Amino acid sequence: FAAGQIEDAFVMLFTKTAVAALEQPAVARLAACRAASQHVLASAAVRLGQRDGVVNALMQTLHRHEHMPPIVAGICAHGAAALGDTGLALEALQEVSTTPQTD
């Protein structure tokens, strides 16, 4: 499939499933599950043009689950190292930097 042939809603099924899996601490601790979910999310963002949707989903879960910061960093690192694109990391960092801090 070329990126233009895949419907956004179809890709979001996979990204939502990957995020939901990572939100569960027991699943996130399993290296194989974490790696697969990270690859799905980074690939959707980098190769399928879903960067905004992936970053929004990650930012929402980042604020709801305290175990997520290293996982989000891993997704961004995977996008840069394995897929050769630093845009995901840059956009996620920009979103984190503009988010008001809560005490």
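Computed quantities for the displayed model
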quantity: Listing of helices (runs of 4 or more DSSP H) fully contained in the stretch 11-103 that carry 3 or more residues being open to solvent by 30 Å² or more (accessible area, probe 1.4 Å) and without any contact (Cβ under 8 Å) to a residue 40 or more places away in the chain; calculated: 31-47, 51-64, 69-81, 87-98
quantity: The stretch 53-103, residues that are of a type in the set (Ser, Thr, Tyr) and closer than 26 Å to Ala26 by Cβ; calculated: Thr61
quantity: Residues of the stretch 29-63 that turn out to be touching a His at 6+ places or on another chain (Cβ under 6 Å) and either more than 11 Å from Leu88 (Cα to Cα) or of a type in the set (Ser, Thr, Tyr) (or both), as a count; calculated: 1
quantity: Among the candidates Ala3, Ala89, Ala82, Ala21, residue that is among the hydrophobic types (A, V, I, L, M, F, W, C), modelled with pLDDT of 95 or more and touching a helix residue (DSSP H, G or I) at 6+ places or on another chain (Cβ under 9 Å); calculated: Ala21
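The values are calculated or read from the model by the stated rules, or taken from the named source; none is laboratory data. Note that this is a predicted model, so its numbers are computed, not measured. Quick reminder, even Gly has a Cβ in these numbers, built from the backbone with ideal geometry, and neighbours come from all protein chains shown. Side chains included, ligands, DNA and RNA excluded: accessible areas come from the protein's heavy atoms. Shrake-Rupley method; radii C 1.70, N 1.55, O 1.52, S 1.80 Å.
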